[in-house]
Amino acid sequence: MPMLGLGTWENTNADECRNAVQTALEMGYRHIDTAQAYGNEAEVGEGIAAADVPREDVFLATKVWIDNLARDDVVETTKRSLDELGVDYVDLLYVHWPAREYDPEETLSAFNELYDEGLIERIGVSNFEPEHVDEAIEHSDAPIFANQVELHPLLPQEELREHCADRDVELVAYSPLARGEIAGNDTIAAIAEKHDASPFQVSLAWIREKGVTAIPKATSEEHIRDNWESLGVDLDDDDVTEIDAIDRTDRRVDPSFAPW
């Protein structure tokens, strides 16, 4: 799984979404993330098809929404997602939230069926707390590959990072720029100036230092490139220590059905 990807949450303008995916892939990105709930799987698929990049080189992930987590619904809606995306398989399929129709045994049984059929290559979970991760591992024959959660310097998720690392579950960070809030942090700004980088690049570099994959959303070529160039930002130990010391917990995504 490439450690930097393109997120597509709230990218609902068809042309913008299609163009963003194509632009990112042709720039060098090889990880694209979407979801049933985003309403843009067709446009994401069109962007992948339009890019001059072989499908097998693209790590493509989508998520099953909380209304579709009953066993038969998982299978039916995932096949519909594949049709929308215009692909034969996805590299990673997530349970979007442990909420509403989610039942660990029933839901993950359906995910395992899709895995055995070769329609998905990896099983993931999203927005899972430590106890939910353990429960999913217990009920899945196939490995739980990743847990996608909000994670950034203002929400470092240290306990969850350690928990997932101990269980060989990768972490994927959504909203890795704290929905733009990173730009206003003085510590991040000072480190960005030191490295002649943007605050957003520093946030992405810090996440990478933690061994976490980031999938920042971007629509313009400028922002897609700015995020991509974070791969050239190398933080030193002092930088990481300073960012670790930011005393703030700022969760930007907190729906009423969240498990925390």
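The values are calculated or read from the model by the stated rules, or taken from the named source; none is laboratory data. Small disclaimer: the values here were computed from a predicted structure and weren't measured. Neighbour counts are summed over all protein chains in view; Cβ atoms, including those assigned to glycine, are modelled from backbone coordinates with ideal geometry. Calculation scope for accessible area: heavy atoms of the full protein, side chains included, ligands and nucleic acids excluded. Shrake-Rupley method; radii C 1.70, N 1.55, O 1.52, S 1.80 Å.
Across the stretch 21-53, what is the total count of residues that are farther than 26 Å from V74 by Cβ, part of a helix (DSSP H, G or I) and either touching a strand residue (DSSP E or B) at 6+ places or on another chain (Cβ under 7 Å) or free of Cβ contacts under 8 Å to residues at least 24 places away in the same chain (or both)?
Applying the first criterion (farther than 26 Å from V74 by Cβ) to the stretch 21-53 yields 22-30, 50-53.
Remaining after also requiring part of a helix (DSSP H, G or I): 22-27, 50.
Cutting the leftovers down to either touching a strand residue (DSSP E or B) at 6+ places or on another chain (Cβ under 7 Å) or free of Cβ contacts under 8 Å to residues at least 24 places away in the same chain (or both) gives us 24.
Residues meeting the conditions: 1.
Taking into account only those residues within the stretch 214-243 that are among the polar types (S, T, N, Q) and touching a strand residue (DSSP E or B) at 6+ places or on another chain (Cβ under 9 Å), which is surrounded by the fewest Cβ atoms within 10 Å (Cβ to Cβ)?
Per the stated criteria, the residue is S230.
Among (1) in a helix (DSSP H, G or I); (2) crowded, with 19+ Cβ neighbours inside 10 Å, where does A165 come up short?
(2)
Could you please let me know if E193 is open to solvent by 60 Å² or more (accessible area, probe 1.4 Å), at pLDDT 95 or above, touching a Ser or Thr at 6+ places or on another chain (Cβ under 9 Å) and part of a helix (DSSP H, G or I)?
Details: open to solvent by 60 Å² or more (accessible area, probe 1.4 Å): yes; at pLDDT 95 or above: yes; touching a Ser or Thr at 6+ places or on another chain (Cβ under 9 Å): no; part of a helix (DSSP H, G or I): yes.
For E193, the condition - open to solvent by 60 Å² or more (accessible area, probe 1.4 Å), at pLDDT 95 or above, touching a Ser or Thr at 6+ places or on another chain (Cβ under 9 Å) and part of a helix (DSSP H, G or I) - is not met.
Let me confirm something: among V202, V172, V253, which residue is touching an Asp or Glu at 6+ places or on another chain (Cβ under 9 Å) and surrounded by fewer than 19 Cβ atoms within 10 Å (Cβ to Cβ)?
Details: V202 fails: surrounded by fewer than 19 Cβ atoms within 10 Å (Cβ to Cβ); V172 fails: surrounded by fewer than 19 Cβ atoms within 10 Å (Cβ to Cβ).
Criteria check complete, one pass: V253.
List, please: which pairs have Cβ atoms under 9 Å, are six or more places apart or on different chains, and start with a residue in the stretch 134-157 that is of a type in the set (F, W, Y) and end with one that is in a strand (DSSP E or B) and surrounded by fewer than 21 Cβ atoms within 10 Å (Cβ to Cβ)?
Final answer for the pair search is F145/E170.
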